[in-house]
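Worksheet: the structure to be examined is printed underneath.
The values are calculated or read from the model by the stated rules, or taken from the named source; none is laboratory data. Bear in mind that the values here come from a model prediction, so they are computed numbers and not experimental data. Using ideal geometry, Cβ is built from the backbone for each residue, glycine included, and neighbour counts are taken over all protein chains shown.
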Amino acid sequence: MPPRPNIKNGSSFSPTKPKKGTLKRLLNLLFTQNKALLIVIAVCLIIGAVTGVASSIFLKNIIKTLEKAINLINNEGYSAENAFNVIWSSILTILIIMCVVYGVSVVCYFTYTRLGAVLTQKFLHQIRTGVFNKMQSLPIRYFDTHKTGDIMSIYTNDTDALRQLVSQSIPSLLGSLVSVITLLIIMFMNSIWLSLVIFGGIVAMFMVTKKIGGNSAKYFMRKQMSLGAEEGFIEEMIQGTKVVKVFCHEEKSKQDFDEKNDRLCSDSTKANTFANILMPIMGNIGNILYVFVAFVGGLLVVLGAKNLTITGLHSETVVGFLAIIMAFLPISKQFTSNIAQSSQQINSVVMGLAGASRVFALLDEKSEDDDGYVTLVNCYIDENGNITETTDRTNKWAWKHPHKADGTITYTELKGDIRMFDVDFGYLPDKIVLHNVTLYAKPGQKVAFVGATGAGKTTITNLINRFYDIADGKIRYDGININKIKKADLRRSLGIVLQDTNLFTGTVMDNIRYGRLDATDEECIEAAKLAYADDFITRLPNGYNTMLTADGANLSQGQRQLLSIARAAVKNAPVMILDEATSSIDTRTEALVQKGTDRLMEGRTVFVIAHRLSTVQNSNVIMVLENGNIIERGDHNELIEKKGQYYQLYTGAFELE
C-alpha cells in the first residue's frame, strides 16, 4: 500500500489555548443535561457563600449591644448585673440567629458537596459516552491521521482536567464571586473609607495574580506537553524493547529520555514555583492589608472623622467606630482569601478549558458519510428464484433495494459478484495512488493481488469495504453501486483477515464469536477446526474458556492469526478478504491453514494479498500491481509463460529461499 501522507503523524497530548466560546459551550452543555441538579447546587452554593460572610455582621451587632450595656452603666446608673440582664435577650437572639445561619451554611455546603460529586461524575460519564459514541462513527481516515495515544489522552488527561474544572474551579469561582459581592455590600454599608483601603490591596493582588498566575498557567501548559512527550517516548521504548537491545541502543535511549525528562523537570519546576509562591504572596498582602485597615481605622477614630457609608456621612461613637473596624478586619481577611482562592484556580481553568477544547474538537469531527439505502436482509429463495424477505436466520441473504422513483422494492440475491470499473483513488485529492483499476471477481473466484510493498494491494480491499471512497469510477456489488449500500450492511457481507491481528480481553471463545455475536459455541468450535486452531486451543489451560489479555500476549503470533482466521470463518460471509493472512504462520501450519481456507473459500469470492507467491498459485486470477496500476493479470501458468513482472517476483522468491 502506498505510504499515506501525514498518517500517524499527530502529536501526543499537547494542550493548546482554549478556543473562543469553549466556556460558554461547556456551561451550556452542563446546564442542559443537568438542569435541576445544577439549580439545587447553585442555590446551596450561593446560600453557603452568603452565610459564610455573616460573622462580621454578628461581631458588629455584639459590640453594638455591649456598647448599649456600657451606656446603661455610665449614663443611666445601672449596675453591671442589671445592664447584663437588659442586653441578655439581645445577645441570646444574636447567638440563636448565628447558630441557625451557620447551621444552614453547614447543610448547604454538605448538600452542595454531595450533589457536586454526583453532578461531576454524571457529567464526565456523559462526556465519555458522547466521545466514545462519536468515535464509533468516525471514518478510518481519522484514526489513520491521529495517534492512538493522542485519542486516549482525551479520555484521561482531558476528562481529568474537565473534572477539576467542573468539581473545583467553577464552584470555587462562583462561591468566591458571591462572597465578594456580599462582602462589597457589607463594606459599603459600614464604611466607604475602609473599603477604599481594601480596594488598594485588591489592586495589588490583581497585579500579582496577572504576573505570577499568568506565568504559572503558561508553564503548566508546557509541563503537560512535556509530560505527553515523555509518556509517548516511554510507551514507544517499552513496545520496542527487543529492538533497542538487539541494536544496542540502550545508551542512546537513555540520552533521549534524559533530554525529555530534563525538559519536563524544568517546566514542572517553573510551573510549581510560580504556583507555590502565589498563595504566600497573596497571603502576605492580605496580612499587610489587615494591619493597614486596623491602622487607618484607628487613625479615623483618633481624628474623630465622620464615617461615610452608602447612606451618607454619620457621626460614630468611639465604640461604634471600633465595632465597624472590628467588623472590617475579618472582612479584609475574607475578601483577600476569596481573591487568592480565585487566583489559585487559574491553572485549573486554563487546563480545563484546553481539555474541553480537545473534547469538543473530537465531537465536532465529521462522522463517516453513509448515504446508502440498500440493506441486507434474510430471505427465502424458492425453486423459481423468487426471493421473500424474512426475520428468521436462513443463512440466505438478499439486497433490499427500495426505488424512490416509483416506491417499489426489489430483492437481489447476495452472491459476491464484485466488479471495479476505471477506479481512481488517492488518500489526498491531489495525490492519486490507484490509477484506472478495472477488475471483476465472480462468485466463487479467488482473486490474488501481488506486487512490491506500496503497490496498492491493501488499498484496493479498503475500497471494497468502503473504509475509503473512490475518487472516480464505479464499484458494483452484485450489480449494485456500493455507494447505494449502507456501510454496515456492506461490511456484514464481508469477512476479513488482516495481517495485524487484534484480540480483545476475554476468552478464546469470545474472540472467535466476535466475528458473529449470535454464533453458538458449536459454530465457534467448528470455525476453529476449519482454521486448524482447535488443536492448540484445546491444549490451553482452560481450552476455549482461556482468558486472553494484552492483545493475546500469552499466544504466539501464529496462534493469534489462526484465531483471526477462525473469527472470519464463523462470520460465514460470501466475500472474504485475506490480507497476508498467513504471514506469521510457519510453513507446516501454513499448509494446514491453506487447506482450511480452501474449504472456507468454497462458493465464496475471495481476495488474497500475499507476498509469498506459493499461497496464491491456485488463484483463478492473479493481478500484479505496480505504482497503483494493474500491469499484469492471469492465472499462475499464464503469468509464468509471459515472463514478465510476476515471473521475476516468482523466480526471485524461490532464489531467495
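Give the stretch 400-443 a look and list any residue that's polar (S, T, N, Q) and under 18 Å from Asn462 (Cβ atoms), or say none. Within the stretch 400-443, Asn436, Thr438 meet the criteria. Taking the stretch 75-96 as the range and being within 23 Å of Phe58 (Cβ to Cβ) and among the aromatic types (Phe, Trp, Tyr) as the test, the residues that pass are Phe84, Trp88. Residues that are in contact (Cβ under 8 Å) with a residue 24 or more places away in the chain and more than 34 Å from the chain's Cα centre (by Cα) were ranked within the stretch 261-289; the one that is surrounded by the most Cβ atoms within 10 Å (Cβ to Cβ) is Met282.
Does Thr182 meet the test of being in the same structural domain as Phe335 (by TED's automatic domain parsing), crowded, with 17+ Cβ neighbours inside 10 Å and modelled with pLDDT of 85 or more? Considered against the rule, which asks whether it is in the same structural domain as Phe335 (by TED's automatic domain parsing), crowded, with 17+ Cβ neighbours inside 10 Å and modelled with pLDDT of 85 or more, Thr182 comes out as no. In this structure, does Ala527 turn out to be assigned to a helix (DSSP H, G or I), small (Gly, Ala, Ser) and within 30 Å of Lys400 (Cα to Cα)? Considered against the rule, which asks whether it is assigned to a helix (DSSP H, G or I), small (Gly, Ala, Ser) and within 30 Å of Lys400 (Cα to Cα), Ala527 comes out as yes. Residues in the stretch 72-110 that are among the polar types (S, T, N, Q) and more than 60 Å from the chain's Cα centre (by Cα): Asn74, Asn75, Ser79, Asn82, Asn85, Ser89. Of the helices (runs of 4 or more DSSP H) contained entirely in the stretch 43-151, not one carries at least 2 residues that are aliphatic (A, V, I, L, M) and outside the structural domain of Leu173 (by TED's automatic domain parsing). Among the candidates Leu299, Leu362, Leu313, Leu308, which residue alone is in a helix (DSSP H, G or I) and over 30 Å from Ile234 (Cβ atoms)? Step by step, each of Leu299, Leu362, Leu313, Leu308 is checked, and only Leu299 is in a helix (DSSP H, G or I) and over 30 Å from Ile234 (Cβ atoms). Within the option set Arg539, Arg567, Arg516, being among the charged types (D, E, K, R) and buried (at least 23 other Cβ atoms within 10 Å of the Cβ) holds for one residue only, Arg567. When each of Phe335, Phe292 is tested for being under 41 Å from the mean Cα position of the chain (by Cα), outside any loop (DSSP other than H, G, I, E, B) and not assigned by TED's automatic domain parsing to the domain that holds Tyr468, the lone residue that passes is Phe335. Just to be sure, is Lys242 basic (Lys, Arg), within 35 Å of the chain's Cα centre (by Cα), at pLDDT 80 or above and assigned to a helix (DSSP H, G or I)? When the stated conditions are applied, Lys242 does not pass them. Consider the stretch 411-426 and keep the residues that are of a type in the set (Phe, Trp, Tyr) and surrounded by fewer than 21 Cβ atoms within 10 Å (Cβ to Cβ). The one that is farthest from Arg476 (Cα to Cα) is Tyr411. Pairs are defined by a Cβ separation below 6 Å, a sequence spacing of at least 6 or placement on different chains, a first member in the stretch 230-242 that is more than 21 Å from Asp267 (Cα to Cα), and a second member that is at pLDDT 80 or above and in a helix (DSSP H, G or I); the pairs so defined are Met237/Ser253. If you go through the stretch 607-637 and keep only what is farther than 18 Å from Ile418 by Cβ, crowded, with 17+ Cβ neighbours inside 10 Å, at pLDDT below 90 and in contact with a helix residue (DSSP H, G or I) (Cβ under 7 Å, 6 or more places away or on another chain), you end up with Leu613, Thr615. The residue of the stretch 386-410 that is surrounded by the most Cβ atoms within 10 Å (Cβ to Cβ), among those that are charged (D, E, K, R) and part of a loop (DSSP other than H, G, I, E, B), is Lys396.
To keep it simple, each residue is scored yes or no on (1) more than 37 Å from the chain's Cα centre (by Cα); (2) within 25 Å of Lys400 (Cβ to Cβ).
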residue: Ala441; (1), (2): yes, yes
residue: Ala448; (1), (2): yes, no
residue: Gly451; (1), (2): yes, no
residue: Gly454; (1), (2): no, no
residue: Phe467; (1), (2): no, yes
residue: Lys474; (1), (2): no, yes
residue: Tyr477; (1), (2): no, yes
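Considering every residue within the stretch 293-313, establish whether at least one is closer than 17 Å to Thr336 by Cα and hydrophobic (A, V, I, L, M, F, W, C). Yes, there is a match, as at least one residue in the stretch 293-313 is closer than 17 Å to Thr336 by Cα and hydrophobic (A, V, I, L, M, F, W, C). Here are some conditions: (1) within 28 Å of Met207 (Cα to Cα); (2) modelled with pLDDT under 80. Val291 meets all but one. Which one does it not meet? Unmet condition: (2).
The rows are residues; the columns are (1) of a type outside the set (Gly, Ala, Ser); (2) touching a Cys at 6+ places or on another chain (Cβ under 7 Å); (3) within 30 Å of Lys147 (Cβ to Cβ).
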| site | (1), (2), (3) |
| --- | --- |
| Leu194 | yes, no, no |
| Gly201 | no, no, no |
| Val208 | yes, no, no |
| Ala217 | no, no, yes |
| Ser226 | no, no, yes |
| Glu230 | yes, no, yes |
| Glu235 | yes, no, yes |
| Lys245 | yes, no, yes |
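Total residues in the stretch 223-260 satisfying the condition of being hydroxyl-bearing (Ser, Thr, Tyr) and surrounded by 16 or more Cβ atoms within 10 Å (Cβ to Cβ): the figure is 2.
Select from the stretch 20-50 the residues that are of a type in the set (Ser, Thr, Tyr) and either touching an Asp or Glu at 6+ places or on another chain (Cβ under 8 Å) or closer than 16 Å to Pro171 by Cα (or both) and list them in ascending order. Within the stretch 20-50, no residue meets the criteria. Among the residues of the stretch 158-170, is any modelled with pLDDT of 85 or more, charged (D, E, K, R), assigned to a helix (DSSP H, G or I) and surrounded by 17 or more Cβ atoms within 10 Å (Cβ to Cβ)? Within the stretch 158-170, one or more residues are modelled with pLDDT of 85 or more, charged (D, E, K, R), assigned to a helix (DSSP H, G or I) and surrounded by 17 or more Cβ atoms within 10 Å (Cβ to Cβ).
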